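Following: one structure in structure tokens, then a few remarks.
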Amino acid sequence: MKVSVIGTGYVGLVSGTCLAEAGHDVTCVDIDDNKIKQLRAGKSPIFEPGLTELLRKNITAGRLSFTTELRDVLGSKAVFFALPTPPGGDGQADLSYVIKVAEDISPIVDDYTVFINKSTVPVGTASKIASVIEKGAHVSFDVVSNPEFLREGFAVHDFMNPDRIVVGTSSSQARGVLEEIYKPFIVSGAEFIVMDEASSEMTKYAANTFLAMKISFMNEIANLSDLVGANVDNVRQGIGADERIGRRFLNAGIGYGGSCFPKDVLALDKVARMYDYDFKILNAVMEVNARQKRILVDRIVERYGENLKNKTFAIWGLAFKPDTDDIREAPSIEIIHELIGRGAKLRVYDPEAIDNVQKLIGDIVQYAPSAHDALETADGLIIVTEWQEFSAIEPDLLAKKLKDKTVFDGRNIFDIKEMKDADIEYVSIGRNARREF
């Protein structure tokens with residue numbers, strides 16, 4: 001099928017590339033001319049494992065093309081909206097990009113078209129888009145909600161191997177188009193779930209908020225474990241084996257970040273407030289996450305005091321999670337600002353996210369070319385992102401490099417006994433009683 005994807009951000013680029021890999025003829029549209037030139041050359045503007053290879057493969061095969069012209073969607077039976085919906089000043093999702101494209105595209109289409117909303121949007125948006133398109137369209141159309149459930153760092157895998165495909169539509173004709181688009185995945189075992197548009201839109205927010213809740217709940221358990229002398233790793237193993245709970249999103253640490261959870265939790269909270277509903281669990285999730293992002297700073301202050309002018313720290317990890325260069329709502333940014341504000345000097349390293357951080361905060365920190373280089377002249381080490389290369393470094397090396405032999409591990413990547421054997425003062429999250437400095 002000939003399909004188009006409007007927006008080549010994270011969701012749009014992964015979706016368009018994977019749909020081409022599934023055999024469709026895909027045109028991706030974006031207003032950023034420089035990005036389109038980069039994509040035409042087979043270069044991905046984002047880091048996502050496996051994406052560049054599929055991008056180049058499908059460009060070469062002639063199944064994937066990029067354009068800045070909205071008119072190039074002509075002939076597409078389906079048009080995906082994969083546009084940004086950032087939180088506004090009041091926390092409500094900003095739909096201006098989605099509405100603008102709906103206005104611009106409505107007079108262009110010349111045959112029945114299914115508009116498929118991949119963007120994460122508040123309940124009722126499908127109806128709103130339909131009203132906008134109806135004012136300018138001269139042909140029949142349907143608007144479908146089709147939320148994405150991609151994990152950054154695993155997005156290509158998740159798209160190509162979905163556990164479920166959620167479709168919100170009351171149109172049998174639109175349902176048939178979506179079944180045709182996703183046929184390769186349905187045949188492979190993905191559950192094809194059809195519901196009304198509003199329920200589909202709510203499903204996306206509910207999924208992300210529930211996962212954010214699991215993270216915040218486990219961080220509360222970790223903090224309590226520190227106080228009572230329990231080990232959160234053991235607790236995670238014990239409850240994760242319960243099939244009603246599952247093992248994913250139970251790692252204790254310094255909170256969630258990224259492009260989805262913070263924005264979607266905030267947006268759902270805004271919806272609840274619009275209906276005068278006191279969503280107590282949701283409020284607690286946000287409060288716990290905000291506090292958790294500061295927990296390493298609190299531990300550092302306990303160890304060294306408020307004045308850090310004579311201290312240098314290495315920071316490993318800047319992205320909000322490994323296998324991505326995304327720093328949106330990353331705990332690293334808040335930690336950096338807090339420590340700089342107390343006078344500390346910082347040498348930071350991340351395998352992929354340094355360029356993005358430098359664009360955001362400039363040169364208030366030193367950027368190291370490797371994890372080893374970041375340790376030079378450092379008093380202590382702060383681990384913010386659990387990149388695999390970090391856990392492969394021997395504790396004995398840390399003991400030799402760090403002046404104070406102190407490690408603040410926000411992702412629990414090292415073994416407690418190995419760190420103790422290396423004579424390292426090791427502070428992790430929820431795995432041993434809080435140290436008295």
Practice problem: Compute the convex hull volume of the Cα atoms of the chain, divide it by the residue count, and report the result per residue in Å³ as a whole number. | Solution: 151 Å³
Quiz item: Which residue, 171, 119, 332, has the most motion in a Gaussian network model of the chain that connects Cα atoms within less than 10 Å?
Solution: 171
Practice problem: First select every other residue whose beta carbon is under 12 angstrom from the beta carbon of residue 130; then total the charges, Lys and Arg +1, Asp and Glu -1. | Solution: -1
Quiz item: How far is it, in nm, from the label point at residue 373 to the one at residue 110 when both lie 7 Å from their Cα along the line to the Cβ?
Solution: 5.5 nm
Quiz prompt | Degrees between helix 280-292 axis and first principal axis of the chain (Cα, 0 to 90, nearest 10) | solution = 50 degrees
Quiz item: With labels modelled as points extended 7 Å from the Cα through the Cβ direction, what inter-label distance (nm, one decimal) is found for residue 43 paired with residue 245?
Solution: 4.7 nm
Exercise. Assuming a ≥ b ≥ c are the square roots of the Cα gyration tensor eigenvalues, decide whether the stretch 289-426 counts as rounded (a/c under 1.5), prolate (otherwise, with a/b larger than b/c) or oblate.
Key: rounded
Self-check item: Reduced Cα scattering model of the stretch 388-428, Debye log10 I(q)/I(0), q = 0.14, 0.21, 0.33 Å⁻¹
Solution: -0.24, -0.57, -1.38
Quiz prompt | Residue-averaged 222 nm ellipticity for the chain, from DSSP H runs of 4+ at -39500 (n - 2.57), nearest 500 | solution = -13000 deg cm²/dmol
Quiz item: What do you get for Rg/Rh over the stretch 2-194 if you use C-alpha atoms and the Kirkwood form of Rh?
Solution: 0.93
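Within the set of other residues whose C-beta is less than 10 Å from the C-beta of residue 191, count the net charge using Lys and Arg as +1 and Asp and Glu as -1. Don't skip to the answer; put the middle values down first.
Numbers: positive: 164; negative: 163.
With Lys, Arg at +1 and Asp, Glu at -1, the neighbours total 0.
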Exercise. Could you please report the charge total around residue 417, scoring K, R as +1 and D, E as -1 over all other residues with beta-carbon less than 13 angstrom from its beta-carbon?
Key: -3
Quiz item: Based on the Cβ-Cβ distance from residue 161 to residue 399, what FRET efficiency comes out when R0 is 25 Å, to the nearest 0.05?
Solution: 0.05
Quiz item: Which length gain, in nm to one decimal place, applies between residue 192 and residue 128 when the Cα-Cα distance is subtracted from 0.36 nm times their residue separation?
Solution: 20.6 nm
Quiz item: Can you pull the semi-axes for the stretch 113-238, root of five times each eigenvalue of the Cα gyration tensor, sorted largest first, whole Å?
Solution: 38, 18, 10
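Please find the FRET efficiency linking residue 199 to residue 74, where r is the Cβ-Cβ separation and R0 is fixed at 35 Å, and quote it to the nearest 0.05. Show your work: numbers first, answer last.
Numbers: r = 32 Å, r/R0 = 0.91.
Calculated value: 0.65.
A short reminder: the numbers here are calculations on the coordinates, not readings from a lab. As the structure is a computational prediction, the values presented were derived from the model and not from experiment. Because the Cβ atoms are built from the backbone with ideal geometry, glycine has one as well, and the counts that use them run over all protein chains shown.
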